[in-house]
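**Student:** Please see the structure below; I have some questions.
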Amino acid sequence: MKFGSTKFVSIIRATLLVSAVAVLPAATSGLAAVDSDAGREFQKLFTIYQLVKANYVDPVDDDKLLKGAIDGMLASLDPHSNYLDGPAKQRLETMIDGNYTGLGLSVVEDDGAVKVVSPFKGSPAEKAGIKAGDYITHLDGTLYYERDLDEAVDKMRGPAGTSIRLTIFRQGRDAPFDVTVTRGVIELEPVTWELKDDVGVISVNEFSRDVGNFVNKGIADLKVQAAKKGTKLDGLVLDLRSNPGGSLDEAVALSDLFVDHGTIVSQRGRIASENQYYRAETVFKGDVVKGMPLVVLVDAGSASASEIVAGALQDLHRAVIMGDRTFGKGSVQSYIPLDKESAIKITTARYYTPSGHSVQEGGIVPDIKVPQLSDPDARARSERAVRESDLRSHLINEAALDDKELEKDKADDPRFKVSADELKKRGITDFQLSYAIDTLRRTAGKPALATAATPAVPGKN
């Protein structure tokens, strides 16, 4: 499970986007106001606690009541502010370490149901055919609806080699169907790469530690592979599809590999003095593949840190963005440990692309919208894909964007009429990637996809 891109304590992927130290003074300064302004409400809360303790039909444990009060307080804010303790905190820390046993799914609670944001690449779930947008209605025959999402997460986790039966409802299918998945050791490889037709394809699966360095290493290795073939790279594809996010620092580092000017991203919160601007040339000097065409692939599962990278490279005119509109998570979370057993994750700021665009709700709109034609169910799932704007109590974009306006152009591009069966006969199993590679090969030696525009003015974006 992951957090970072949707309801991400529920998704259990570590998105440590701001250090805890940066927000502790703000949190502490708020305590005085609580004493003077909220005394009556705290008294009401204590009165309810006493009434429950004295009158509820069964004895109730104090820890359960207090945890429920804390959960409710944070859940009332937005989908990304959560209280973590016990198993939930342990799972998060396990994800930070990069491996666990289970199915390899990123999920979110959607109006009481368990909805798949994305399966991890190469995971048991992906190999079993689980898709982004699927609803998991039953686990081993037991209905999971309007239950604590952690229960479903716990049920899906388990020893490698054991199996679980998932009942799936998928848009475009007439009836639910069962899929049996064998749990495995999920060793999350943050970055993988390969050379395809003289084009380097770099897949970033998560933004954990050292992603920028891993991508830099991958680029160097791809150059060596091309040289051994007696050729050179025609371009790079940076694949951020189904990547629900991670560390802001790593998003900045990855972007900084390809840009040598301007602001990569800014974060702005309630306190103006704590606003931050992350600029190019702070992690890597220069553009490591200067002049080389770059395509970034995104989809509805690309969120948070993925959107920071896509937004930066798009606004700075360093890459062409292809695929589907991204998830639309434009908020920053701070992870604040309370003690050894508990912590909170709380939204503290919004982030903005170099041009000053907030991706909250609207996401990153591709320069070239490329449907995943090799997946026959992709169109139906894409139309109903869960995004930030679908989550209960999500932050509102300051520009009041409307999903319907963003999706109003439903006309099929005449270039994309080929069917999944026809593509399969041609040996194409990933049309979006195939289209990106073909585009780079067609433009090899031309500057159109690599020319950087005038940099955004720092402090004015």
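The values are calculated or read from the model by the stated rules, or taken from the named source; none is laboratory data. Remember, predicted model here, so these are calculated numbers, not experimental data. Reconstructed Cβ throughout: ideal geometry from the backbone, glycine too, with neighbour counts over all protein chains shown. Quick note on the areas: whole protein, heavy atoms, side chains included, nothing else; ligands and nucleic acids left out. Shrake-Rupley method; radii C 1.70, N 1.55, O 1.52, S 1.80 Å.
**Student:** Hey, any hits in the stretch 327-341 for a residue that's more than 30 Å from ASP85 (Cβ to Cβ) and of a type outside the set (Ser, Thr, Tyr)?
**Tutor:** The initial filter retains those residues of the stretch 327-341 that are more than 30 Å from ASP85 (Cβ to Cβ), namely none.
Checked against the condition, which is being more than 30 Å from ASP85 (Cβ to Cβ) and of a type outside the set (Ser, Thr, Tyr), the stretch 327-341 yields no hits at all.
**Student:** Evaluate the following for ASP287: is it of a type outside the set (A, V, I, L, M, F, W, C) and within 16 Å of the chain's Cα centre (by Cα)?
**Tutor:** Here the answer is no, as ASP287 does not meet what is asked.
**Student:** Can you tell me which residue is modelled with the lowest pLDDT among those in the stretch 80-105 that are closer than 16 Å to ARG157 by Cα and part of a loop (DSSP other than H, G, I, E, B)?
**Tutor:** GLY98
**Student:** Still on this structure, I have one more. How many of the residues making up the stretch 107-140 are touching a strand residue (DSSP E or B) at 6+ places or on another chain (Cβ under 7 Å), more than 22 Å from ARG241 (Cβ to Cβ) and of a type outside the set (Ser, Thr, Tyr)?
**Tutor:** Residues meeting the conditions: 5.
**Student:** Same structure again: Taking PRO354, is it in a loop (DSSP other than H, G, I, E, B) and open to solvent by 10 Å² or more (accessible area, probe 1.4 Å)? Let's see the steps before the verdict.
**Tutor:** Numbers: in a loop (DSSP other than H, G, I, E, B): yes; open to solvent by 10 Å² or more (accessible area, probe 1.4 Å): no.
When the stated conditions are applied, PRO354 does not pass them.
**Student:** Check VAL332, VAL309, VAL295 and return the single one that is closer than 29 Å to ALA69 by Cα, open to solvent by less than 10 Å² (accessible area, probe 1.4 Å) and not polar (S, T, N, Q).
**Tutor:** Values: VAL309 fails: closer than 29 Å to ALA69 by Cα; VAL295 fails: closer than 29 Å to ALA69 by Cα.
Just a single option satisfies the conditions, and that option is VAL332.
**Student:** While we're looking at this one, here's another question. For ALA300, are the conditions met, namely being within 25 Å of the chain's Cα centre (by Cα) and part of a loop (DSSP other than H, G, I, E, B)?
**Tutor:** On the way: within 25 Å of the chain's Cα centre (by Cα): yes; part of a loop (DSSP other than H, G, I, E, B): yes.
In short, yes.
**Student:** A further question on this structure: How about the stretch 151-236: which strands (runs of 3 or more DSSP E) wholly inside it have at least 2 residues that are open to solvent by less than 50 Å² (accessible area, probe 1.4 Å) and modelled with pLDDT of 90 or more? Talk me through it step by step, then tell me what you get.
**Tutor:** Values: elements: 163-169, 177-182, 184-187, 191-196, 199-204.
In the stretch 151-236, the matching strands (runs of 3 or more DSSP E) lie at 163-169, 177-182, 191-196, 199-204.
**Student:** Then there is this: Give the stretch 134-148 a look and list any residue that's open to solvent by 10 Å² or more (accessible area, probe 1.4 Å) and in a loop (DSSP other than H, G, I, E, B), or say none.
**Tutor:** Step one: of the stretch 134-148, the residues open to solvent by 10 Å² or more (accessible area, probe 1.4 Å) are 135, 137-138, 140-148.
The answer is ASP140, GLY141, TYR144, GLU146, ARG147, ASP148.
**Student:** If you scan the stretch 322-337, which residues turn out to be over 14 Å from the mean Cα position of the chain (by Cα) and of a type in the set (Ser, Thr, Tyr)?
**Tutor:** SER334, TYR335
**Student:** Would you call GLY262 more than 25 Å from VAL108 (Cα to Cα) and open to solvent by less than 20 Å² (accessible area, probe 1.4 Å)? Break it down stepwise before answering.
**Tutor:** Working: more than 25 Å from VAL108 (Cα to Cα): yes; open to solvent by less than 20 Å² (accessible area, probe 1.4 Å): yes.
In short, yes.
**Student:** Considering (1) of a type in the set (Val, Ile, Thr); (2) outside any strand (DSSP E or B); (3) under 16 Å from the mean Cα position of the chain (by Cα), say which one THR347 fails and leave the rest.
**Tutor:** So THR347 meets the others, but not (2).
**Student:** If I filter the stretch 117-150 down to residues being within 17 Å of ILE186 (Cβ to Cβ) and charged (D, E, K, R), which single residue comes out as modelled with the lowest pLDDT?
**Tutor:** The extreme case among them is LYS121.
**Student:** Does the stretch 137-147 contain any residue that is basic (Lys, Arg) and farther than 20 Å from GLY301 by Cα? Give the steps one after another, and end with the answer.
**Tutor:** In the first step, residues of the stretch 137-147 are kept if they are basic (Lys, Arg); the result is 147.
Now drop any that are not farther than 20 Å from GLY301 by Cα, which leaves 147.
Scanning the stretch 137-147 turns up at least one residue that is basic (Lys, Arg) and farther than 20 Å from GLY301 by Cα.
**Student:** Which one of these is at positive phi and either modelled with pLDDT under 95 or buried (at least 23 other Cβ atoms within 10 Å of the Cβ) (or both): SER273, SER255, SER247, SER304? Spell out the reasoning first.
**Tutor:** Values: SER273 fails: at positive phi; SER255 fails: at positive phi; SER247 fails: at positive phi.
Step by step, each of SER273, SER255, SER247, SER304 is checked, and only SER304 is at positive phi and either modelled with pLDDT under 95 or buried (at least 23 other Cβ atoms within 10 Å of the Cβ) (or both).
**Student:** Can you name the condition, by its number, that ILE321 falls short on among (1) in contact with a strand residue (DSSP E or B) (Cβ under 8 Å, 6 or more places away or on another chain); (2) open to solvent by less than 30 Å² (accessible area, probe 1.4 Å); (3) in contact (Cβ under 8 Å) with a residue 60 or more places away in the chain?
**Tutor:** (3)
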